[in-house]
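Take a look at the structure set out below.
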Amino acid sequence: MAARFDLSHDLDAAHLGALLKGIVRMHVIKDSSVTPALLQEAAFDGSGMPPALQAAVMAAFEAVLCAAAKEAWTPEKLAAFVSAEAECSAETAEALRAFWEANRTRCRTALVQRAAWGETPLRVAWRVEIEAGASQSLRKQASEASDAAGSDAAADAGGEAEGEATASVEITLAGRAAPGQRAGEGAQSRGALSFKASREALVMLRDRLAEAEAAAAAMC
């Protein structure tokens, strides 16, 4: 079975490194100063490969590195993919693995920053409250029930006398991270979002935040 990606080349280590760095800057970091022509000249200077083959090699490495960034591959997964799906030497495979080990976090951070279209949560805090008016009203109902129907009814009404607990939630917002920063790193407060929530809504919010934190940790 033919390999899906042909990563064969005649580049030395320095030129291969320049190719990999250039691809990441151009296609993942989105550095507009790096153009295909500039990258091709820097990576294949002195190479005997014809221009059409140079472009094909660039496209193959681009496909592998962009997939690794978007799908949050580990260096081990990248190495396994190259072994199974690519035509290349052992030296090239090891160079790719080492490059990805050194640049994976940077690439993932760049993708996450571009995905954050607006402000991000900086801090989430809440406190549980019992509305005083509701509590007093229910205590009065419990007292009237006790006089009219005895202790059993009083116990039923008294169980509700504490009122319906609600939570005051405040989410402090931070602006988008500057280039090169992680989300929230060195961020200043940009205001806060405040609202009240029921116990069920608060539990759901807590669970969703925990899931988001776990997903973010898995990306890094």
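Each label point was placed 7 Å from the Cα along the Cα-to-Cβ direction; for Thr35 and Ala201 their separation is 5.4 nm. Applied to the range 53-62, the Karplus parametrisation 6.51 cos²θ - 1.76 cosθ + 1.60 on θ = phi - 60° returns per-residue 3J(HN,Hα) values of 6, 4, 4, 5, 5, 4, 5, 5, 5, 4 Hz, with x for Gly and Pro.
Readers should treat all values here as calculations from the given coordinates under stated rules, not as data from a laboratory. Since this is a predicted model, take the numbers as computed values, not measurements. Cβ sites come from the backbone with ideal geometry, for glycine too, and all protein chains shown count toward neighbours.
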